[in-house]
Structures are given as C-alpha cells and as structure tokens.
1. Among what's in the range 242-255 and is exposed (fewer than 15 other Cβ atoms within 10 Å of the Cβ) and either of a type in the set (Ser, Thr, Tyr) or modelled with pLDDT under 85 (or both), pick the residue that is nearest to Arg315 (Cα to Cα).
2. Collect the residues in the range 271-305 that are touching a strand residue (DSSP E or B) at 6+ places or on another chain (Cβ under 8 Å) and modelled with pLDDT under 85, keeping them in residue-number order.
3. Can you tell me which residue in the range 35-51 is surrounded by the fewest Cβ atoms within 10 Å (Cβ to Cβ), limited to those that are touching a residue at least 24 places away in the same chain (Cβ under 8 Å) and within 29 Å of Val273 (Cα to Cα)?
4. For residues that are out of contact with any Gly (no Cβ under 7 Å at 6 or more places or on another chain) and in a loop (DSSP other than H, G, I, E, B), tally how many sit in the range 1-29.
5. With respect to Leu173, is the statement that it is within 28 Å of Leu102 (Cβ to Cβ) and surrounded by 19 or more Cβ atoms within 10 Å (Cβ to Cβ) true?
6. Which numbered condition trips up Asp160, out of (1) of a type in the set (Asp, Glu); (2) touching a helix residue (DSSP H, G or I) at 6+ places or on another chain (Cβ under 6 Å); (3) part of a helix (DSSP H, G or I)?
7. Please list, ordered by first then second residue, the pairs with beta carbon atoms under 9 Å, 6 or more apart or interchain, first in the range 159-186 and aromatic (Phe, Trp, Tyr), second assigned to a strand (DSSP E or B).
8. With respect to the numbered conditions (1) of a type in the set (A, V, I, L, M, F, W, C); (2) in contact with a strand residue (DSSP E or B) (Cβ under 6 Å, 6 or more places away or on another chain); (3) more than 27 Å from Glu322 (Cα to Cα), which one is the sole condition not fulfilled by Val75?
Amino acid sequence: MLDDRRASILQALVEEYIRTGQPVSSRAILETSGLKVSSATVRNDLAKLESYGFVEQPHTSAGRVPTHQGYRYYVDHCSPARLRSATRVRIESFFTDVHRELSKLLQETSGLLSDISHYPAVIVGPGLGDERVVALHLVPLSPTVTLAVTIVESGRVTRDIVRLAREVTESDLARAETILSKAYCGGTLAEGAAAIAKIPTGDVAEPVRRAVKAVTKTLAGTEVRSADIYVGGTSQLAELWEDLAQVHSMLGLLERDSVVRQIVDDPGAGTAVRIGAELNVEDVELAVVSSDYEAGEHGIGRVGVIGPMRMDYRRTIKIVEEVSEGLGESLGSS
C-alpha cells in the first residue's frame, strides 16, 4: 500500500499519461496533482515507484509511464467519474420505451456503448439456460445434412447443423423429429438434452435411430453456444493503436467469438477491470472493463469495452455501469 503522497503522484502520472500518451515529467505531475512539495521530492518518489514496479522510464532523458502493475493499483483505488449530463441523458433516452427484438437491441447497444466510450464495445447476450423449449424442427438440407431449429418461450431461435453419417429420407427425418420433440420440448435446454439422451431407440428403424443419435449429440452443446456476441466500434481501432500490426491483431481477435467471450466474461458478478497480462492475450496489450446485466426471463449477459491499457478507466467504468444498468432495466421490464 502506498502512502497518500505517492498514491497521489501515481494517480497524477497515470491520468496525465492517459490524456497525452507521452512520458510524464515531475513538473507535469506538480502542475496537475496540486501537491505542495518540491520537484526533487516528486523525483525521489518517482524513483521509489519505479523500484516498486509501478512506473518505468522508457528513455533516460524522458519522464515515466505506468506499468501494468501501476495501472492495476490505479484502477483498484480510483472511483468512477461523473458523466456529463448529456451523456447520461443519451443513455437514458436510448433505453426508454424499448420495444426492439432482443438481438437488434443488443447490437444497437454495442454501437451506443462504443460511440459514448470511444472504444470497441462488446455485448455478450444472455444464455438460454433458463428458458423452456417450445419447438424443435429438423429441416433437411441434403440427404446427409439437416438443420436443427430450436425455439424457446421468448421466441429466440438457435440453429445447428447436423451432419449424418449416411443418407436419411425426409420421412425418416420427420419420424426422428417427432421422437425427439416429445422428450426435448417443455423443459430447459439442459433438461431437454438430458431427456433426449435417454430416448430408447431399440425398436426404431435404423435410419431414424442414426438421425436421433446425430441430433442428440449436436443439441448437447446448444446451451453453451447460445450466448451470442455483438461487437461495435471496430472502426476506432486505428485511432487507438498506432501500430498497424496491433490493429490487425485486434481485428483478428474481435472476429473470434471464443476469444472475445474469454476476455469479457468474468467469474465474479458486477463490474470488473482486467488489464494486460491478466487477459492472457498475445500480440496486443489490452484492458477490458465489463459488467453483468440482468435480462429478466432471458437470463444474465455481459457488457464490455475493450481498449488499450492507456484507457480512461474512471470514465469508462461509469459508462459501462450505466449502460449495463439501463440494458438490464429495459429487458427486465420488456
């Protein structure tokens, strides 16, 4: 734990570096921190902060910049900023009288969050775990490929490609649909998956049995894959990362749902900030601010902003919290 003066110096350094992107001098810290100490005292404290691993000096003649550990300490001890009234009004207006289809709302929310935060934004849709299945349809695409369409009580739909080892006729597929629907519908996805796994098929024709087994295997993973991801603000990448190689790395990252889910999801509820090495992402240094939102009957999802480590954390934390709260309230009342 730092004493008050060194904590103030670190805070001033981090916030000045976030603002300018340039190494911060002791003089700049004195001008922005309001501390009534000498420049020599600030330099001595900066040397101590460097020895603790909170700051580093990129060049001998330059000022200092925060390290991952410095950002971590700053985030753990800062408080969210107050948003401008115009920003709060924009968020409130967006979620007033929401009557949009869920996927459209989540996609538009990612755009809103990106516009306001000035960073790429991610919305992880709620899973379907608590919703009950109302229908299952098997749509033949070819003699060896079918589409399994699952509809849950809120009207949301999942579509899964099922590949069959051998050809199955449409009549056999219709029979398989009837058998599966009786067990799969009426419960949650998890309950349905467990029920169809126990379907007795001993007296069922071989082509129908194969179809039932293939669909059963595919549907076992539906609940895991059902949380859709919506990304907004990728056009801002070039402004945030000057290195073209890092821009390409970020584009590749945002195109991979599994990676996006990994860095935005957090095992703890509420707001979380993950920085640099904590994200286990190679080729680009990141920071992520994310928060849960309650989606009523739809379950729980997550709102997140992805940016460079030189992120305006105090403002971003407040924006993410306001958007997640607004999204949760609109879905809870819809």
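1. In this case the residue turns out to be Glu242.
2. Within the range 271-305, Ala295, Ile300 qualify.
3. Once the filter is applied, the top-ranked residue is Lys48.
4. Of the residues in that region, 5 qualify.
5. No; evaluated as a whole, the condition is false for this residue.
6. All conditions pass for Asp160, except number (3).
7. Note: pairs meeting the criteria are Tyr184/Val133; Tyr184/Leu136; Tyr184/Thr150.
8. (3)
The values are calculated or read from the model by the stated rules, or taken from the named source; none is laboratory data. Predicted model, so just to flag it, every value in this text is computed and none were measured. All Cβ positions, even for glycine, are placed from backbone atoms using ideal geometry, and neighbour counts span all protein chains on display.
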